[in-house]
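Enquirer: Let me begin by handing over the structure; questions about it come next.
The values are calculated or read from the model by the stated rules, or taken from the named source; none is laboratory data. Here the structure is a predicted model, which is why all the values come from computation and not from measurement. Don't worry about glycine lacking a Cβ; one is built from the backbone with ideal geometry, like all the others, and counts go over all protein chains shown.
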Amino acid sequence: MVMETASRLPTVEDALALGLTREEYELVCEKQGREPNQLELAMYSLLWSEHCAYKHSKRLLRTLPSEGPHVVMGPGENAGAVDVGGGLACAFKVESHNHPSAVEPFQGAATGVGGILRDIFAIGARPIAVLDSLRFGEPSGAHARYLLDGAVSGISHYGNSIGVPTVGGELYFEQPYEHNCLINAMALGLAQRDRLISSAAAGTGNLLVLFGASTGRDGIGGASVLASAELQGGGDGDDSGQDMRPTVQVGDPFAEKKLLECSLELLERGLLVSLQDLGAAGLTSSASEMASKGGVGMDIDVAEVPLREPGMEPFEVMVSESQERMLCVVEPSRLDAVLGVCEKWEVQGAAIGRVTDTRRMRVLDSGELVGDMAVSALVDECPLYDLDPQKPSQPLYEPPVASLSLDATPLEMLLALLSSPNIASRRPLFEQYDAIVQSRTVRRPEQADAAVLALGSASDGPAPALAVSIDGNGRRVAADPYSGTVAAVLECASNLACVGAEPLGTTNNLNFGNPEKAHIAWQLTESVRGLGDACRALDAPIVGGNVSLYNEGATGPIYPTPVIGMVGILPDARRAGRLGFHRAGQEIALVGPLRPSLAAGELAKLCGQQLPDGLPEFDIGAVRAAQIAVREAVRAGLLASAHDIAEGGLAVALAECCLAGDIGAAVLLGDDSPDLTAALFGEGPGGFLVSGERDGLRRLGEGVPLQSIGTVGGDQLSIGIAPESAALSVGLAELAAAHSSLAELFA
Amino acid sequence: MARAHGGGVRARVLIRPKSGISDPQGTAVERALPALGFSGVANVHVGRLVELDVEDAAQLEPMCEKLLANPLVEDYEIIVD
Amino acid sequence: MKFGVLRFPGSCDELDALAAARRVGDAELLWHGERDLRGADAIVVPGGFSYGDYLRAGAIARFSPVMESVIEFAGEGGLVLGICNGFQVLCEAHLLPGALLGNANRRFTFRQLALEVVNADTAFTRACATGEVLSVPAKHSCGRYYAEPQTLEAMEEGGQVLMRYAPAQNFNGSLRDIAGVCNEAGNVFGLMPHPEHAVDELTGSTDGLKIFQSMRLAMEGARV
C-alpha cells in the first residue's frame, strides 16, 4: 500500500506541465489502476518523454540495419561495439546535448562529453577518444560566438581533464541553428571482446549499488522539460532561455575520472553483475531500464542515496540528474569488496536497493513505500507514434544572406570560401583540445581526413589502427533529406578511405525539428530511409545512436541534421593516409565518379541562393568502388596524400592539400567542362584528390576513373583551364591568411 | 563575530595575484566590462575565495602560508566575520 | 635501471610516461597513498590534472605520502623528473624554484613546439647537444613560468635553465621563454612540454626519448 505523502495528488494539469499528453496521462492511470502520485507521475513523465522513450522515432529506427559480422554489441545497450581483431572490441556512440547547451553552453557541452564517456565505460570499455559535432548560427552574431566559445571551452575542460583525447570533429554555422544550436559528442572505447558487460539487472536478492558523486538537485526535470519541447524565446536571442539555467547539470571531470577508474577496476576484478550509467532522468531511467532488460523488479530506498542537499523529496532523488554517477548490481557477498574499490578511488558508494522478482519498480523512503509501478509500464509500454510525413509545398528556410556575387572571379570565390566559417581552419578550436593523451594518436586534426588511433604499441611490424570520422551536412539534407543523408554517410566512409580504413560500423545522431509537424516528419522519414540504404550499401551497420527532436522555435526548425560517426580499421598505421601534398614533382590526380554541382553547396550559400528542391543523382555503387580503390592504394603505399573533396569542391580541396603540405601545386583542368564554376567549386559525393609518384597513381587508375591534373611544387596554387588560360594563381601565404579567419573568434 | 556551527568562527580568505605579476584574467575582465556598457572601471584583478569555519582563528595564517595560497605569487587577506 | 612513475587521482599521462620510461629501462607505477618508492632509481611525476587542479595545480598532490618520500629522495640526490602537472607539483613542493601561472592566452593550448636545449650538461639533457632543437608537444592551461627577478638571474647564471621555447613558440607567456628548469643541485628537473609524447615515430617526434636516455646515462654513470 503506497504511503500517503504530504503532497497533494497531482492532476492532469500537472501531467501536461510535465510534458505528457492528456491521453498519455489517462494511459498512466490505467496502467497504475489508479491516479499516480507525485513521485510516480514524475517518473512516468520522464520515461515517457521523447528523450527517453523515442516515441516518435522508435518505429523508424527499427528499419535501420544493425547486424553484421563485426558487430559485438548492437543498439539497445549503453553503446554499441564492433570487433577490431586481436581479441579487442571498440565501443562507440554519439549523443546530443543540444537543449542544455543552448541554455548554458560550457556546462551543456561539458556534461555532454561526460555523458557519452559514461556510456562507453558503462559497457566495460576504456574511453580512448572523443569527437564533437557543433552547429551554431552565423558567427557574425554575438550570441553564436558566445555559444561557440562556451561549448569549445566546455569540451576542452572536460575531455582534457579526464585524460581522453579529442581527436576530431566538425563545425558549421547556419542561420537555422541560431536559436537551436547542436552539440553532438561521440566517444570511442576499447575493451577485451569477451569482457563487455550488459546493463541487465539479474539475481533476486542482489544489491543495487549507486556509486560516484552525491545526488543533488541538478537538472531536475531536465529531460522532459527541456528536451521534449521547443525552446521558448528566440526573439533577440540574448535572453532566450535565461531562466532555464537552474535545470542545467554541472559537470566535474575529476569526479568522472575517479568514477571511470573505479568502474574499470570493479569490472576487471569481476565484482559486478551488471552496470549502467546515470544520464537523462537519473535513477528513474537507469534503474528502470536495468530492470526491464533483466525482466526483474527493483526496490529502491531513497533514504540510502547519498545526498548533497538536505531535505530532498523522494521524487527529487529519483529524477535528479546529478552527474558522474553509476548504478551496478552486485551479489551481496561482494558488497564489501565493491565498497572497498570505491573507497580506494575516493568515490562514494552505497547500497540503495535490491533486485526482486516482482517486475515492479518500488520506491521506498526509509522503508515506507512511496511509489509502486510496473517496470514494463514505465519502460516498454510508452505509446509509440507513427509519423505523418508530408513533403512541404513551400521552402522551409529563408535563403542565406549573400556575401559574394556569382560574377566574382575564381580567385575571389576561392578566398571567400577558404575564409568562410564553414571551411576555414578549425585550428583555433582543436588547439584547445588535448589530442594525444594515451599515446595512440597517429593522425591529429588537420593531418588527415580521419583521426587514426593505434590499437597496440607498435614494436616492429604492422600496427593495426582504428580510424574515426564524424560528418553531417544539414543544408544538403534540407535540400534533399534522402540523398543528403546518403551523401553524409558516404562522406564519412570517404574520409575513412583516405586514411586507408575500411568501415566497421556506424553511429548516428538525428537532430530534427518537431516531428508532430508533417513536413518535419517527412524530413525524418526520408532521412532515416537514406541512412538505412547507405549503411546497407557500405556494410557499415548502425550499432547505436541518439535522436534529438523538437529543435525548433518561433523562427522555425533547424536544418534536418543527421550526424554520422563511423569507425573503421586499417591494418598498418605506418601507412595511414595524409591530407597534405608531400614532395615537389609528385603528380596530382582526381579520382572517382564525382559530378560536381553547385546545388546546395557552400558557394551557393555565399551567393545567397535558395535551397534547391532535390540534389542531383549519384551512383552509390560507383562511389563505394572509388572508396575501396583509394583505400587499397593508401594501404599499399601508392599515394603520398589522399583527400575527400567536400565543401567548396575541387579548388578548396587543392588549397587544403597545399596548406597542409606547405607546398604549392600547378593544376590544369580539362576545358570540356561546360561550367567552370561548377568544375572548380561544385560538390557531391565520390571525389578524391590524391597525389603521389606517377607509378602509384597509374596503378590506382587501373581500377577506378582517374584524371591526372597536375604537379606538386612551388609556393603558389595555380589552376588553369587548357590550353593556356589561368583560372587563378595565388600564393600560399595569401591562402593561409584566408584560411585562418576563425582565429578572431577566439582572440 | 559570526558563530560557526558548534563554536569557533567563520572566516573568509581572499587570495589575489601579487601586484607586479601579469594577471591575464583580470585584464580580460577589465576589457570586457566597457564593452558591456560599464565605464570608469580600472584595476581589475581576479582571484579566489576560500570560506571556512575554524575553531582557532590563529591557524588561518599558517593555513594560507602552507596550502590556501602560494605566497610566491599570491597575496592573501583573512577576514574573520 | 628502474623508473618510478607516480600516480595521483586525476593523473592523465602516467601510463604514457610509464611506456616512455620502459623504452629505456624498467618502470612501475607508484600509488600516491604509499610511501614506498620500491627501489626506484629515478622518479617521474607525470602530467594530468591531479586532484582536478583544485585550489591550484599541484597544491594538493604535493602533500601526498608518496611525495613525502620523493622529497626525501630528492634531498639525497635522487633524480626526479616532473612533466607538466608534475612540474607544478615540484614547484608547490619547493623542490624547484618559481611557480606556474595561467597561460597568458587564457586558454588550454595544445601544440607541437620547438624547444632549445640551453644546458646539455645535466642528468636530464646529456643525451642532447647545447643549442639542439627538440620537437616536443605541449598541452596545458597553466604553464606560464614565473620566478622573482633575482631568482631568475641566479638560475640563469647557475645553468638551471635547461630548456627554452624557441622563438615564437612561447604561447603561455613564461618569463624568459623558460620551458624547463632544474634545482641548484641539478637532480630535479621540471618541464612543461611532454617528452613522453615524443618517443614514437608513429605518433610524432622521438626527440623526447633523449630526456629519458639522459637519465639512464646519468644513472649508469653514477654506478660506475
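Enquirer: Within the range A:575-605, which residues are under 23 Å from residue A:481 (Cβ atoms) and among the hydrophobic types (A, V, I, L, M, F, W, C)?
Expert: A:594, A:598, A:599, A:600, A:603, A:604
Enquirer: I would also like to ask the following. Take residue C:103 and tell me if it is surrounded by 21 or more Cβ atoms within 10 Å (Cβ to Cβ) and either over 30 Å from residue A:152 (Cα atoms) or more than 10 Å from chain A (Cβ to nearest Cβ) (or both).
Expert: no
Enquirer: With the structure loaded, tell me whether residue A:125 is at pLDDT 95 or above, more than 18 Å from residue A:428 (Cα to Cα) and more than 16 Å from the chain's Cα centre (by Cα) or whether it fails that test.
Expert: Taking the combined requirement at face value, the residue satisfies it.
Enquirer: Continuing with the same structure: Going by the structure shown, is residue A:702 out of contact with any strand residue (DSSP E or B) (no Cβ under 9 Å at 6 or more places or on another chain), closer than 30 Å to residue C:171 by Cα, away from chain C (no Cβ under 14 Å) and acidic (Asp, Glu)?
Expert: No, not satisfied.
Enquirer: Report yes if some residue within the range B:6-18 is modelled with pLDDT under 95, among the aliphatic types (A, V, I, L, M) and more than 26 Å from residue C:62 (Cβ to Cβ); otherwise report no.
Expert: Looking through the range B:6-18, at least one residue is modelled with pLDDT under 95, among the aliphatic types (A, V, I, L, M) and more than 26 Å from residue C:62 (Cβ to Cβ).
Enquirer: Every residue in the range A:426-466 that is more than 14 Å from every other protein chain (Cβ to nearest Cβ) and either farther than 30 Å from residue C:106 by Cα or of a type in the set (Asp, Glu) (or both), please.
Expert: If the condition is that a residue be more than 14 Å from every other protein chain (Cβ to nearest Cβ) and either farther than 30 Å from residue C:106 by Cα or of a type in the set (Asp, Glu) (or both), then A:449 is the only one that fits.
Enquirer: Considering only the range C:1-14, state which residues are assigned to a loop (DSSP other than H, G, I, E, B) and either facing another protein chain (nearest Cβ under 10 Å) or closer than 21 Å to residue C:138 by Cα (or both).
Expert: Across the range C:1-14, the qualifying residues are C:8, C:9, C:10, C:12, C:13.
Enquirer: While we're here: Take the residues in the range A:564-586 that are of a type in the set (D, E, K, R) and under 17 Å from residue A:654 (Cβ atoms), then tell me which one is farthest from the other protein chains (Cβ to nearest Cβ).
Expert: A:583
Enquirer: Right, something else. Quickly run through the range B:31-81 and pick out the residues that are in a helix (DSSP H, G or I) and within 13 Å of another protein chain (Cβ to nearest Cβ).
Expert: Within the range B:31-81, B:31, B:32, B:35, B:63, B:64, B:65, B:66, B:67, B:68 meet the criteria.
Enquirer: Kindly indicate the residue of the range A:116-163 that is in a strand (DSSP E or B) and within 14 Å of chain C (Cβ to nearest Cβ) and also surrounded by the fewest Cβ atoms within 10 Å (Cβ to Cβ) among those meeting that condition.
Expert: Only one residue fits best here, namely A:126.
Enquirer: Among the residues in the range B:67-77, are any more than 24 Å from residue C:51 (Cβ to Cβ), within 15 Å of the chain's Cα centre (by Cα) and surrounded by 15 or more Cβ atoms within 10 Å (Cβ to Cβ)?
Expert: Among the residues of the range B:67-77, not one is more than 24 Å from residue C:51 (Cβ to Cβ), within 15 Å of the chain's Cα centre (by Cα) and surrounded by 15 or more Cβ atoms within 10 Å (Cβ to Cβ), which makes the answer no.
Enquirer: Please go through the range C:15-42 and give me each residue that is surrounded by fewer than 24 Cβ atoms within 10 Å (Cβ to Cβ) and within 11 Å of chain A (Cβ to nearest Cβ), ordered by number.
Expert: C:15, C:18, C:19, C:22, C:23, C:31, C:32, C:33
Enquirer: Given the structure, is residue A:474 over 17 Å from the mean Cα position of the chain (by Cα) and small (Gly, Ala, Ser)?
Expert: No.
Okay, residues lined up against (1) touching a residue at least 40 places away in the same chain (Cβ under 8 Å); (2) in contact with a His (Cβ under 9 Å, 6 or more places away or on another chain); (3) aliphatic (A, V, I, L, M):
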{"residue": "C:129", "(1), (2), (3)": "no, no, yes"}
{"residue": "C:135", "(1), (2), (3)": "yes, no, no"}
{"residue": "C:149", "(1), (2), (3)": "no, no, no"}
{"residue": "C:158", "(1), (2), (3)": "no, no, no"}
{"residue": "C:164", "(1), (2), (3)": "yes, no, no"}
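Enquirer: Also, quick follow-up: For residue C:106, only one of the following conditions fails: (1) modelled with pLDDT under 95; (2) closer than 17 Å to residue C:9 by Cα. What is its number?
Expert: Failing condition for residue C:106: (2).
Enquirer: If you check every pair at least six apart or on different chains, which have Cβ atoms under 9 Å apart with a residue in the range B:62-74 that is closer than 11 Å to residue B:52 by Cβ first and a residue that is part of a helix (DSSP H, G or I) and of a type outside the set (S, T, N, Q) second?
Expert: Listed pairs, sorted by first residue: B:68/B:60.
Enquirer: Can you tell me which residues in the range A:111-146 are among the aromatic types (Phe, Trp, Tyr) and in contact with a Ser or Thr (Cβ under 6 Å, 6 or more places away or on another chain)?
Expert: Answer for the range A:111-146, where residues must be among the aromatic types (Phe, Trp, Tyr) and in contact with a Ser or Thr (Cβ under 6 Å, 6 or more places away or on another chain): just A:121.
Enquirer: Would you check which residues across the range C:175-212 are closer than 14 Å to residue C:44 by Cβ and part of a helix (DSSP H, G or I) and list them?
Expert: C:195, C:196, C:197, C:209, C:211, C:212 - these are the residues of the range C:175-212 that are closer than 14 Å to residue C:44 by Cβ and part of a helix (DSSP H, G or I).
Enquirer: Looking at A:533, A:460 in this structure, which one is in contact with a helix residue (DSSP H, G or I) (Cβ under 7 Å, 6 or more places away or on another chain), surrounded by fewer than 22 Cβ atoms within 10 Å (Cβ to Cβ), farther than 30 Å from residue A:746 by Cβ and not aliphatic (A, V, I, L, M)?
Expert: A:533 is the lone residue from the list that is in contact with a helix residue (DSSP H, G or I) (Cβ under 7 Å, 6 or more places away or on another chain), surrounded by fewer than 22 Cβ atoms within 10 Å (Cβ to Cβ), farther than 30 Å from residue A:746 by Cβ and not aliphatic (A, V, I, L, M).
Enquirer: Looking only at residues in the range C:183-224 that are touching a strand residue (DSSP E or B) at 6+ places or on another chain (Cβ under 8 Å), within 14 Å of chain A (Cβ to nearest Cβ) and aliphatic (A, V, I, L, M), which one is surrounded by the most Cβ atoms within 10 Å (Cβ to Cβ)?
Expert: C:192
Enquirer: On to the next question. Suppose we filter the range A:623-661 for residues that are in a helix (DSSP H, G or I) and either among the hydrophobic types (A, V, I, L, M, F, W, C) or surrounded by 24 or more Cβ atoms within 10 Å (Cβ to Cβ) (or both); how many remain?
Expert: Residues that pass the stated criteria total 22.
Enquirer: If I go through the range C:89-110 residue by residue, how many of them are closer than 11 Å to residue C:189 by Cα and not hydrophobic (A, V, I, L, M, F, W, C)?
Expert: Number of matching residues: 1.
Enquirer: If you check B:20, B:26, which single one turns out to be more than 19 Å from residue C:54 (Cβ to Cβ), part of a loop (DSSP other than H, G, I, E, B) and within 11 Å of chain C (Cβ to nearest Cβ)?
Expert: B:20
Enquirer: Limited to the range A:559-587, what total is found for residues that are outside any loop (DSSP other than H, G, I, E, B) and either surrounded by fewer than 24 Cβ atoms within 10 Å (Cβ to Cβ) or of a type in the set (Lys, Arg) (or both)?
Expert: Residues meeting the conditions: 4.
Enquirer: Which one is farthest from the other protein chains (Cβ to nearest Cβ) among residues in the range C:43-55 that are surrounded by 24 or more Cβ atoms within 10 Å (Cβ to Cβ) and of a type outside the set (Ser, Thr, Tyr)?
Expert: Of everything passing the filter in the range C:43-55, C:43 is farthest from the other protein chains (Cβ to nearest Cβ).
Enquirer: Which of (1) in contact (Cβ under 8 Å) with a residue 24 or more places away in the chain; (2) assigned to a loop (DSSP other than H, G, I, E, B); (3) at positive phi does residue C:168 not meet, given it meets every other one?
Expert: Going through the list (1) in contact (Cβ under 8 Å) with a residue 24 or more places away in the chain; (2) assigned to a loop (DSSP other than H, G, I, E, B); (3) at positive phi, residue C:168 breaks only (1).
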